[in-house]
Amino acid sequence: MVEDNNVECVHPNEPIKVDDFVVATRDIADIQKMSVGLVKEISGNKIIVYFIGKNKVVETNRGNVSFLDIKKTGKPYKMKICNICHILKEDMKDFEINQTDAKGRKTTRPSCRECRKMIDGVAMKSSEKKRLDAMAPKGIFTCPICQKTTIVEVTANLVKDHDHLTGKGREWICDSCNTGLGRFKDDINLLKRAINYLKKYS
Ligand SMILES: [Zn+2]
Ligand SMILES: [Zn+2]
Ligand SMILES: [Zn+2]
């Protein structure tokens, strides 16, 4: 972990106001050091901070947090806030690089390595891979989700979908639907919220 005073976005001597972003400069109960929060209230030496990653409001000593300049986080700066745990981490080290552009500039994933492990969950069991490989679609394929018919490996990439909690295989689906499910974390309740949101406007 980088020392606070070497980080351009963390300003330990800057005064803190309500609605400023701050980082924890030490562990505060289950709030990890470098967790990012929003200041809700200040009174005397006490400060009330909403820590985003833990979705928790915490009262602590003012000395346990430092002002965070969020505009100096993320590319091209050294530190980046994970979009899940909301802990300030080192961009090129604690986040996996997923793209390098023509000029050699690297972009990292929005979630830190630790949070990625949670998202990726359990890999598909090899017995399940074999089972699905034996049923690999040939010729034309109709995706069970989007119902689009495509030419296998020519007009669509197909993937073996699996349950990230158990490692059990599900079915072959198109790459686009697989990404779609992933965006909703394969979570039925999250998908229901998306449906309800759309219903509100139809
Ligand atoms: Zn994270
Ligand atoms: Zn599909
Ligand atoms: Zn959203």
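Taken along its three principal axes, the alpha carbon spread of segment 48-127 comes to 51, 40, 14 Å, from the longest extent down to the shortest. Highest mean packing first, where packing is the average number of other Cβ atoms within 10 Å per residue, the peptides 185-198, 10-23 line up as 10-23, 185-198.
Dividing the convex hull volume of the alpha carbon atoms of segment 126-200 by its residue count gives 87 Å³ per residue. With contacts defined as alpha carbon pairs under 8 Å and 6 or more residues apart, what's the relative contact order of segment 1-120 in percent? After rounding, I find 21 percent. Residue ranges 157-163, 125-131, 35-41 sort as 35-41, 157-163, 125-131 when ordered by packing (mean number of other C-beta atoms within 10 Å per residue, highest first). Express in whole angstrom the spacing between the alpha-carbon centres of segment 18-91 and segment 99-177. For segment 18-91 versus segment 99-177, the Cα centre distance is 35 Å.
All of the numbers you see were taken from the coordinates with simple rules; none came from a lab. Every value quoted in this text rests on a predicted model; they were computed, and no experiment measured them. Note that each Cβ is placed from the backbone with ideal geometry, even for glycine, and that neighbours are counted across all protein chains shown.
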